[in-house]
Every structure is written in C-alpha cells, then in structure tokens.
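Peer 1: Pasting in a structure now, in structure tokens, and then I'll have a few things to ask.
The values are calculated or read from the model by the stated rules, or taken from the named source; none is laboratory data. Model, not experiment: these values are computed from the prediction. Glycine gets a Cβ as well: all are built from the backbone with ideal geometry, and neighbour counts include every protein chain shown. Surface accessibility is based on the protein's heavy atoms, side chains included, excluding ligands, DNA and RNA. Shrake-Rupley method; radii C 1.70, N 1.55, O 1.52, S 1.80 Å.
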Amino acid sequence: MKSFIVIFLFFIQIYQPCAREPLLTDIVDKDISITASFDGAKIIIYGTVDPKLYKDSIIIINVLGPSSHLKIRKKEKYAGIWLVGKNEMIFTNAPGYFASSSNLDNLKSIDKSILKELNIGWNNLIISTNNFKNDEEVEPYKKILKSYYQNRGLYQIASNIDILGESLFRAEFVLPAITPTGTYNVKSFLLNHNGKLISSWANSVKVSKEGLAEGLSDYSIEHPLLYGLLAALGAIIAGYIGSEVFRRI
Amino acid sequence: MEIYLPIAGLPINFFILMSLGLVVGFLSGMFGVGGGFLMTPMLMLLGIPPAVAVASEANHILAASFSGFLAHMRRLNVDFLMGFILLIGGIVGSILGVFLLKYLLIIGQEKIFISLSYIIILTFVGVWMLWESLNTLKKINKGKINKLHEHIWLHGLPFKIKFRKSHLYISIIPPIFIGFVVGVLSSIMGVGGGFILVPAMIYILGMPTQVVIGTSLLQIVFVTSVSTIMHSYINQTVDVVLSSLLLIGAVIGAQIGTRVMIKLKGEQIRFLLAIIIIIVAVVLIGEILVTPKEAFIIESIKENI
C-alpha cells in the first residue's frame, strides 16, 4: 500500500509538469479476485487535483458495477393473497453495483441539470429497458432496484473522500461478498464551487473469479451436460459412501 | 467458516449448510420425501438466487435419497416393480407438466393456481392422515387387529398384476395415474412430489408404510438425477460447491433417518408425517398471506432473451 502511494506520487511528479492535468486518479488494486474464501473487497482510489484549483473544488467519484439483464416483477395483493404481478420490467443494462462519493456532505448545492448531464447519482442513471417504457413507468422499478441493492450493500452513497494533503485525496468503496463479477467503471469528476465541470478521469477495476471458483463456473458454462452428469454422479457416489460407512458402524 | 459458492456468487457459512443438509437427509430417510419444500425457502433466506437454490438442491437431494434408498434396499423395503410402474406414469406426467406450465404462463396467474391447489392438497392429505393414524393407534391400543389393507374399487380395474413386496394384487392403472399426477406436479411446482406420492401409495394403493418409503426414495433418485442434469444443461444453475456442502450432512442424516424409521410402526410414521405435512401447508398459507419483506422479485436473465 505504501509503495503504491510512493509510486503514484512519483508518477504525478513526472506527469504534472508536462500535461497539467487538473484531475488524476488511480486505483490500488485493479484486479480483485474472488477465491474460495472471498468475503468482500475494497476499491481504493488515490487522486490528485491541480493545487491551484484545489480550494473550494468539488470531487465526485462514481462506481458502476458490470451491467446485466434483470427482470423485475412486483408482488401484489389480490383478495388478501400475495401474488406475483403480471407486469414485468426488463432492464437491459442495469449496473450490478452502484456507489457514489464526494467531498461534500451532499450534492444539493450543485445544479441539478449539471448532475443530470454528467449522469451523477442514482436518479440520473440511465437504465435502458427492452420494452420501450416511458420514465413514469420505469421510475418505480428503478426504486425497487435501489432498495434491493441497498439491502445487500450493492448501493452506497457516501461523503468519504479524504483529503490527505495539498492536492492528494483518497476514497474507498466497499464491495460486498455478493458483488458481481466483471468490469467496474470508476469515474471521477472535478467541479468548481459553482458546480461547473473542470475535468474528469476514468479508471476501471476487474473483479473475477479465480482458482476453483473460476474453474467450476467456467466448466458449468462450457460443458453444461457433462457438468450435470458429473454432479449427479458425484451425488450418487456420496450417497453410496455414506451408506457403506454407516453399514459398518 | 465461510466458503464462496462459485455459481451462486456469494459466501456461506459451512456449518449452516452442514446442519441444513443433515435435517433434510433425516426427513428423507425417515419419510421418503425429498425435502425440497424445506430447502428452497431456507437457501433463498441465505441469499442464494432462487434458480440456483432449486437446481443445487435437486443435486443434494439426489445424494440424500440415494443414501436412504440403499439403506432401505438392504432391509428389502423397496418394491422395484411398483417403482418402475410409478416411474412410467411420472415421466409422461412431467413432460406434460412442462407444457401445462407453458400454457399457464400464457394465461398469467400461474402462481396462484399452483400454490392454491398445492395448499389444498397438502391440507387435505395432512388432516386425513393425522385422523387416520390417530384412529389406528387407538384401535391398536384397544387390541383390535387391522386388515392388511382396504380393498377399494380402483384395485379391481383391468391389468392386474402381483406386487410381491407390497403384498398386493391390483391393477396397474392406479399406480400409473398416481405417478402421472406426481410427475405433473413436480414439473409445475418444482418439487419432487414426495408429499403427494407417499400418502397416495399408502392410502390409494394400500402399500405397507415401510415399503412405501423405500419405493418413494427410488422414485426421488430418478427424478432428481434427471433434474440435476437438465438444470445444469439448460440453465447452468447447479452449484456443486453448495450441493457438496449440503450432501455431507444429507448422507449422514438419511442413514440416521432410516434407522429411526425401522424402529417405528407404520401408523407412528404416518402420524409424524401428517404433522410435517400440516406444518408445510401452514407455512405455504403464511407465505401467500403475510406481507413480504421485499414485495418484488428480481432475477438475472440471459442476455439473448
């Protein structure tokens, strides 16, 4: 970790004089692997801001997990009985994880149209559907998805960007154990105190299964029939062993 | 100790899975039921996606029922001929069930139809079984000897054959029909159907309770083998890490269940099974009446749909 910061600062030292990039960020661990003992992880981001701009500026970091197709159905009460409703919404690119952090307590002071333009915040997140519904129809399902993610640690809003020095900042995002695999896009924004965009920077993190977890899930997709046969055979052998062992007791 | 489940995509405590497997294995060995009714809600409560829960559980129940089946077979408590005839009906029924489910899906409201019919069947079977077993227990206490089994008109239909193990000489039409109904149910409900099969074999076919359990397990072994293979072939939802952890407990539980079962009399087993069936019915009724914590279902689907 320390060596990362040293290298990062060194990199900035070389980089700054020539490019004068107002905002720069980098991620400590760009490859998060899910192994047999995986119990969640953290995305740690370090960044710098041009010192001249640093005062009063606003930093916002968004993390969007890999997108997937999701089918959402509501449960409804008919005649006192809870049923799964007829209507369904299919999101074709719903992010599997959503997090946003900034150095402000909240983003209320920023002009809403700017946030919308930059797609910052859950409300400004554009999720497409495959059945061409209008916003009013989509909105309740987006709310459902948000509360579903909130209950599982897949939705996080924080104001925990730590200012470490004149121009250095740090932020971290917690990925829960059920976090989906794939590419996470990290987008950082630098806004001036009026909320006008000065600069932005993008990084990505890859979360992937490794070892046994990777082998098994790959095998189940590449050889589904053989996987099923082996699973069934394994269960039968286990049943046989159990029975034999007990016969001798 | 947490272990990451590769297909389900989350870590789960090893000991929780062990004990769950043990309980289900015990029920399986003792009553000849699969235990899916108990596992699906439990696994979903642990955060496992429903599709993965159902598929992996089929694989786990296969281990439990095979372990129990072998134990019953050693005690000569399996009627293979009856099992085979039930299976023929079961295969036809489950194929038809798949189409029926498709039709119900088109109409919508498939859930209510299925849940309500299942609840009604279970409640009826549970109460009837409780009443019958209590009566028998009372009669035995008074010293009255029961007939081996009641003869009903169904047994007199054509194509009669001898089922030596079950001490029966009856028509093959009722067993084929029972197998068929259970097959339809298991396709539609996603459950093995042991709860319907066991009482039906006892009361409609008039088989001895001990033989019923072993024969039902034979049936479950076939059904769960096929569904394990089909689930992984079509949906890739069998998590072998999950099912392996569950089956450690299951194979042990099934053996214990079998040993407990042979110490009990037929009517005592029926009495205990009746109570379990009634509990399941009450839980299912609760499920449709109580306001859910999350009033929605979110499923991840394949991109090409």
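Peer 1: Do we have A:E166 as in a loop (DSSP other than H, G, I, E, B), touching a residue at least 60 places away in the same chain (Cβ under 8 Å), open to solvent by 40 Å² or more (accessible area, probe 1.4 Å) and not β-branched (V, I, T) here? Reasoning before the result, please.
Peer 2: Numbers: in a loop (DSSP other than H, G, I, E, B): yes; touching a residue at least 60 places away in the same chain (Cβ under 8 Å): yes; open to solvent by 40 Å² or more (accessible area, probe 1.4 Å): yes; not β-branched (V, I, T): yes.
It is true that A:E166 is in a loop (DSSP other than H, G, I, E, B), touching a residue at least 60 places away in the same chain (Cβ under 8 Å), open to solvent by 40 Å² or more (accessible area, probe 1.4 Å) and not β-branched (V, I, T).
Peer 1: In addition: Within segment A:174-188, can you find the residues that are part of a strand (DSSP E or B) and either within 14 Å of another protein chain (Cβ to nearest Cβ) or open to solvent by less than 10 Å² (accessible area, probe 1.4 Å) (or both)?
Peer 2: Start the filter on segment A:174-188 by keeping residues that are part of a strand (DSSP E or B), which leaves A:174-175, A:182-188.
Result: A:L175, A:G182, A:Y184, A:V186, A:S188.
Peer 1: Residue by residue through segment B:2-37, note down the ones that are within 9 Å of chain A (Cβ to nearest Cβ) and either at pLDDT 90 or above or touching a strand residue (DSSP E or B) at 6+ places or on another chain (Cβ under 9 Å) (or both).
Peer 2: B:E2, B:I3, B:Y4, B:L5, B:P6, B:G9, B:L10, B:P11
Peer 1: In addition: Filter segment B:234-249 down to the residues that are open to solvent by less than 50 Å² (accessible area, probe 1.4 Å), in a helix (DSSP H, G or I) and facing chain A (nearest Cβ under 8 Å), then identify the one that is nearest to B:I188 (Cα to Cα). Step through it out loud before you land on a result.
Peer 2: Residues of segment B:234-249 open to solvent by less than 50 Å² (accessible area, probe 1.4 Å): B:236-243, B:245-247, B:249.
After this cut, where a residue has to be in a helix (DSSP H, G or I) as well, the list is B:240-243, B:245-247, B:249.
In the following step, the residues that additionally are facing chain A (nearest Cβ under 8 Å) were identified as B:240-241, B:243, B:247.
Numbers: B:V240: 24, B:V241: 27, B:S243: 23, B:L247: 25 Å.
Step by step, filter segment B:234-249, then rank; the result is B:S243.
Quick grid of which residues meet (1) in a helix (DSSP H, G or I); (2) more than 8 Å from chain B (Cβ to nearest Cβ):
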{"position": "A:E172", "(1), (2)": "no, yes"}
{"position": "A:N203", "(1), (2)": "no, yes"}
{"position": "A:A213", "(1), (2)": "yes, no"}
{"position": "A:Y219", "(1), (2)": "yes, yes"}
{"position": "A:I237", "(1), (2)": "yes, yes"}
{"position": "A:G242", "(1), (2)": "yes, no"}
{"position": "A:R247", "(1), (2)": "yes, no"}
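Peer 1: Give the residues of segment A:95-107 that are within 17 Å of A:N62 (Cβ to Cβ) and more than 13 Å from the chain's Cα centre (by Cα), sorted by residue number.
Peer 2: First, pick out the residues of segment A:95-107 that are within 17 Å of A:N62 (Cβ to Cβ): A:95-104, A:106-107.
The answer is A:S102, A:N103, A:L104, A:N106, A:L107.
Peer 1: Determine which single condition B:A51 fails, assuming it passes every other condition in (1) modelled with pLDDT under 80; (2) in contact with a strand residue (DSSP E or B) (Cβ under 8 Å, 6 or more places away or on another chain); (3) farther than 22 Å from A:W82 by Cα.
Peer 2: Failed condition: (3).
Peer 1: Mind checking which residues of segment B:13-27 are among the hydrophobic types (A, V, I, L, M, F, W, C) and open to solvent by less than 10 Å² (accessible area, probe 1.4 Å)?
Peer 2: Restricting attention to segment B:13-27, the residues satisfying the condition of being among the hydrophobic types (A, V, I, L, M, F, W, C) are B:14-18, B:20, B:22-24, B:26-27.
Correct list: B:L17, B:V24.
Peer 1: Taking A:P51 as meeting all but one of (1) open to solvent by less than 70 Å² (accessible area, probe 1.4 Å); (2) modelled with pLDDT of 80 or more; (3) farther than 24 Å from B:I297 by Cβ, write down the number of the exception.
Peer 2: (2)
Peer 1: Sticking with this one: Here is a list: A:I60, A:I90, A:I72, A:I81. Which entry is closer than 20 Å to A:I161 by Cβ and aliphatic (A, V, I, L, M)? Reasoning before the result, please.
Peer 2: Working: A:I90 fails: closer than 20 Å to A:I161 by Cβ; A:I72 fails: closer than 20 Å to A:I161 by Cβ; A:I81 fails: closer than 20 Å to A:I161 by Cβ.
Of the residues listed, the single one that is closer than 20 Å to A:I161 by Cβ and aliphatic (A, V, I, L, M) is A:I60.
Peer 1: Can you confirm whether A:Y141 is surrounded by 15 or more Cβ atoms within 10 Å (Cβ to Cβ), free of Cβ contacts under 8 Å to residues at least 12 places away in the same chain and in a helix (DSSP H, G or I)? Quick ask: steps written out before the conclusion?
Peer 2: Values: surrounded by 15 or more Cβ atoms within 10 Å (Cβ to Cβ): yes; free of Cβ contacts under 8 Å to residues at least 12 places away in the same chain: no; in a helix (DSSP H, G or I): yes.
Criteria not met by A:Y141.
Here's the yes/no breakdown for (1) buried (at least 24 other Cβ atoms within 10 Å of the Cβ); (2) within 15 Å of the chain's Cα centre (by Cα); (3) on the phi < 0 side of the Ramachandran plot:
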site	(1), (2), (3)
B:Q210	no, no, yes
B:I220	yes, yes, yes
B:S227	yes, yes, yes
B:S232	yes, no, yes
B:G253	yes, no, yes
B:I256	no, no, yes
B:E267	no, no, yes
B:L273	yes, yes, yes
B:P292	no, no, yes
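Peer 1: Of the conditions (1) more than 9 Å from chain B (Cβ to nearest Cβ); (2) under 17 Å from the mean Cα position of the chain (by Cα), A:T92 satisfies every one except a single condition; which number is it?
Peer 2: It is condition (1) that A:T92 fails.
Peer 1: I need a count of the residues in segment A:221-232 that are over 16 Å from B:V241 (Cβ atoms) and either in contact with a His (Cβ under 9 Å, 6 or more places away or on another chain) or more than 7 Å from every other protein chain (Cβ to nearest Cβ) (or both). Steps first, answer last, please.
Peer 2: Residues of segment A:221-232 over 16 Å from B:V241 (Cβ atoms): A:222-226, A:229.
Narrowing the set further to residues that are either in contact with a His (Cβ under 9 Å, 6 or more places away or on another chain) or more than 7 Å from every other protein chain (Cβ to nearest Cβ) (or both) leaves A:222-223, A:226.
The total comes to 3.
Peer 1: Can you tell me which residues in segment B:87-124 are away from chain A (no Cβ under 14 Å), open to solvent by less than 30 Å² (accessible area, probe 1.4 Å) and modelled with pLDDT under 85?
Peer 2: B:G97, B:L122
Peer 1: I've got another one for you. Of the residues in segment B:28-50, how many are open to solvent by 20 Å² or more (accessible area, probe 1.4 Å) and under 30 Å from B:G183 (Cβ atoms)?
Peer 2: Within segment B:28-50, the first condition is being open to solvent by 20 Å² or more (accessible area, probe 1.4 Å), and the residues that meet it are B:37-38, B:40-42, B:44-47, B:49-50.
Still in the running and under 30 Å from B:G183 (Cβ atoms): B:37-38, B:40-42, B:44-46, B:49-50.
Total meeting the criteria: 10.
Peer 1: Based on what the data block shows, is A:G65 surrounded by fewer than 17 Cβ atoms within 10 Å (Cβ to Cβ), within 14 Å of chain B (Cβ to nearest Cβ) and either closer than 30 Å to B:P292 by Cβ or modelled with pLDDT of 85 or more (or both)? Walk me through it before giving the result.
Peer 2: Values: surrounded by fewer than 17 Cβ atoms within 10 Å (Cβ to Cβ): no; within 14 Å of chain B (Cβ to nearest Cβ): yes; either closer than 30 Å to B:P292 by Cβ or modelled with pLDDT of 85 or more (or both): yes.
So A:G65 does not fit the description; no.
Peer 1: Restricting to segment B:172-202, give me the number of residues that are at pLDDT below 85, part of a helix (DSSP H, G or I) and of a type outside the set (A, V, I, L, M).
Peer 2: Counting residues in segment B:172-202 that are at pLDDT below 85, part of a helix (DSSP H, G or I) and of a type outside the set (A, V, I, L, M) gives 5.
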